[in-house]
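Here's the structure we're looking at; comments come further down.
The values are calculated or read from the model by the stated rules, or taken from the named source; none is laboratory data. Here the structure is a predicted model, which means the values were calculated and not measured. Here the Cβ is made from the backbone with ideal geometry for all residues, glycine too, and neighbour counts use every protein chain on show. The accessibility values were calculated without ligands, DNA or RNA, using every heavy atom of the protein model including side chains. Shrake-Rupley method; radii C 1.70, N 1.55, O 1.52, S 1.80 Å.
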Amino acid sequence: MRKRVVITGLGVVSPNGVGVPTFLEAIKNGDSGIKFHQNLKDLNFSCQIGGAPVVSEEKKLEYFTTLQLRNFNCNAILYGVMAGMEAISDAKIQPARLNSDPLWDLGIVFGVGTGGIDKIRELIYKTDEGNVRRLGSSAVIQSMASGVSAYLSGILGAGNSVSTNSSACATGTEAILMGYERIASGKAKQMLCGSSAEDSPYIWGGFDAMKVITYKHNDNPTKASRPLSETASGFVPGSGAGALVLESMENAEERGAKIYAEIIGGAINSGGQRNNGSMTAPNSIAVQNCIKEAIKDANINSKDIDYINGHLTATLKDAEEINNWCKALDREGSDFPYINSLKGMTGHCLAACGSIEAVSTILQMHHSFIFPNINCEDINPEINNLIDIERIPQHIIKTKINIAAKASFGFGDVNACIIFKKNNQ
Amino acid sequence: MTLDEIFTQLIPIIEIYLPQDVSINDIKKESDLTAELNINSAHLVDIVLDVEDKFGIEFANADMEKLRTVDDAIIIIQDKLAKSG
């Protein structure tokens, strides 16, 4: 008998808001977190803008000891621990006491794309100088992919599966589904799921070189990220972390936890880089299959979906994504669900996008609104041919969302889709 | 530099790495760094780097192996300082 899985805690560190209350206001208002970055200009980047959370030194001390912050140089761990601990606190879960047993039924899946790159830079410089002995103890733990989950586990005393996943820009959505599976199959009662992405020229540089990020808006950063727009000219790189506490419904009810929503199904697949799929482009049939499988897994009809939180990065692929949703749901025009993209406000937070956007989805369901799509006054006509313009809200809409779909697609031709249902109790 | 002077300069370095439930007053010359002061063994290398910066000396791998107590550190430091003149 599969367990029902609900969401009982949320945490977020986003370019347009650190912490759930600030983030909630930002997405209601359509506030952009994209800024000009002088260091990118100095380094001759074509794209000199990006989305990065603003975290003060005082804020760091709320989550880390001064000892942990000594020689600390890893944004993935910084953002991941902050978002993760906010979600844990929101779910009212107490960390295990020191010198006691860990929490055997609490696990963690916290994904990263590239983690600890600034630490890796230190590592490479010291190594090449023949000065390995001066690295100290921080190089390994801050550059290992599982650094975020390991830091979180140490703070919490998590005693179930503690791991890290990585599937490019599908990482965050995949992490949630991995935690969901573990609870549904009865192997854990609570899973802290999320993902984290760093802002660093050493990560963003590769995307700049690929010419997939926009170079056209360096003088107007807040207008740069333009999902669904005719003038979308590539994504804006972003960073941050999102985190969700997943829990078996019985465990949540037993302890009287606040329940935001239920995960009623999901699917993960790959296009195998076949047909029109490649390392960097999605196989459309696989995308459609992933969405269809998620709907089937959730045991709903595609007509039941009220709202879609899209991947929609602000590239030429946005129209293809809308077409895939239309085909997978067999809905178009005015029959299409409401859809929006958070990336207009945050940029594309890469490995973190799925979890940050999932948090935005749950907040919209919980507070009954749909946040505005920003920077698509000029809707791409190809998209407008598929779905009605009123399905792409440009101002906040107050409406109940009963069922929402969230999908993410990543390099390597990988896809993940989750179906959430509002908790109506 | 006398042994006591070295000890006085070592205390703030060690203090940084103490767990929250161990006090600066617990640092004695005979204290075992990991077994008694509960310092994470991974941090011993960081303490050594801080000591090297403070005293302008360099620990060899063999010195690291000898390092168990605060006294061990004091003796190694005094020895290095004497050799460096």
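Residues of the stretch B:21-75 that are out of contact with any strand residue (DSSP E or B) (no Cβ under 8 Å at 6 or more places or on another chain), free of Cβ contacts under 8 Å to residues at least 60 places away in the same chain and of a type in the set (Gly, Ala, Ser): B:Ser23, B:Ala35, B:Ser41, B:Ala42, B:Gly56, B:Ala60, B:Ala62. Just one residue in the set A:Asn39, A:Asn44, A:Asn71 is open to solvent by 50 Å² or more (accessible area, probe 1.4 Å), within 14 Å of another protein chain (Cβ to nearest Cβ) and of a type outside the set (Asp, Glu); that residue is A:Asn71. The residues of the stretch A:112-137 that are in contact with a Phe, Trp or Tyr (Cβ under 9 Å, 6 or more places away or on another chain) and either within 14 Å of chain B (Cβ to nearest Cβ) or open to solvent by 70 Å² or more (accessible area, probe 1.4 Å) (or both), listed by number, are A:Arg121, A:Asn131, A:Arg133. Counting only residues that are modelled with pLDDT under 95 and within 24 Å of the chain's Cα centre (by Cα), the stretch A:58-69 holds 0 of them.
What are the residues in the stretch A:251-280 that are surrounded by fewer than 16 Cβ atoms within 10 Å (Cβ to Cβ) and in a loop (DSSP other than H, G, I, E, B), if any? If you could, list the steps in order and put the result at the bottom.
In the first step, residues of the stretch A:251-280 are kept if they are surrounded by fewer than 16 Cβ atoms within 10 Å (Cβ to Cβ); the result is A:253-256, A:258, A:272, A:274-276, A:278-280.
Result: A:Arg255, A:Gly256, A:Lys258, A:Gly272, A:Arg274, A:Asn275, A:Asn276, A:Ser278, A:Met279, A:Thr280.
Keeping to the stretch B:31-46, report how many residues are part of a loop (DSSP other than H, G, I, E, B), away from chain A (no Cβ under 14 Å) and farther than 13 Å from B:Leu10 by Cβ. Looking only at that region, the number is 2.
Restricting attention to the stretch A:320-375 and to residues that are within 12 Å of A:Gly310 (Cβ to Cβ) and among the acidic types (Asp, Glu), the residue that is surrounded by the most Cβ atoms within 10 Å (Cβ to Cβ) turns out to be A:Glu357.
Within the stretch A:169-188, residues that are closer than 17 Å to A:Asn269 by Cβ reach partners that are open to solvent by 10 Å² or more (accessible area, probe 1.4 Å) and assigned to a helix (DSSP H, G or I) with beta carbons closer than 9 Å, at six or more positions or on different chains, in the pairs A:Cys169/A:Leu350; A:Thr171/A:Leu350.
If we scan the stretch A:300-312, do we find a residue that is among the aliphatic types (A, V, I, L, M), surrounded by fewer than 24 Cβ atoms within 10 Å (Cβ to Cβ), within 15 Å of A:Thr173 (Cβ to Cβ) and modelled with pLDDT of 95 or more? Scanning the stretch A:300-312, I find no residue that is among the aliphatic types (A, V, I, L, M), surrounded by fewer than 24 Cβ atoms within 10 Å (Cβ to Cβ), within 15 Å of A:Thr173 (Cβ to Cβ) and modelled with pLDDT of 95 or more, so the answer is no. Here A:Val109 fulfils each of the conditions (1) part of a helix (DSSP H, G or I); (2) surrounded by 17 or more Cβ atoms within 10 Å (Cβ to Cβ); (3) hydrophobic (A, V, I, L, M, F, W, C) apart from (1). Residues that are open to solvent by less than 70 Å² (accessible area, probe 1.4 Å), within 14 Å of chain B (Cβ to nearest Cβ), under 23 Å from A:Gly11 (Cα atoms) and aromatic (Phe, Trp, Tyr) do occur in the stretch A:139-152. Being over 23 Å from the mean Cα position of the chain (by Cα) and of a type in the set (A, V, I, L, M) is the filter; apply it to the stretch A:30-54 and report the residue that is nearest to A:Pro393 (Cα to Cα). So, considering only residues that are over 23 Å from the mean Cα position of the chain (by Cα) and of a type in the set (A, V, I, L, M), the one nearest to A:Pro393 (Cα to Cα) is A:Leu40. When B:Asp21, B:Asp72, B:Asp79, B:Asp50 are checked against the criterion of being more than 23 Å from A:Val140 (Cα to Cα) and within 12 Å of chain A (Cβ to nearest Cβ), a single residue qualifies: B:Asp21.
Condition (residue is within 14 Å of another protein chain (Cβ to nearest Cβ) and either in contact with a helix residue (DSSP H, G or I) (Cβ under 6 Å, 6 or more places away or on another chain) or over 28 Å from B:Leu49 (Cβ atoms) (or both)) applied to the stretch A:87-98: is it met by at least one residue?
Just the residues of the stretch A:87-98 that are within 14 Å of another protein chain (Cβ to nearest Cβ), to begin with: A:95, A:97-98.
Checking which are either in contact with a helix residue (DSSP H, G or I) (Cβ under 6 Å, 6 or more places away or on another chain) or over 28 Å from B:Leu49 (Cβ atoms) (or both) leaves us with A:95, A:97.
Checked against the condition, which is being within 14 Å of another protein chain (Cβ to nearest Cβ) and either in contact with a helix residue (DSSP H, G or I) (Cβ under 6 Å, 6 or more places away or on another chain) or over 28 Å from B:Leu49 (Cβ atoms) (or both), the stretch A:87-98 yields at least one hit.
Meeting the requirement of 2 or more residues that are touching a strand residue (DSSP E or B) at 6+ places or on another chain (Cβ under 8 Å), the helices (runs of 4 or more DSSP H) wholly within the stretch A:1-98 are A:20-29, A:75-90.
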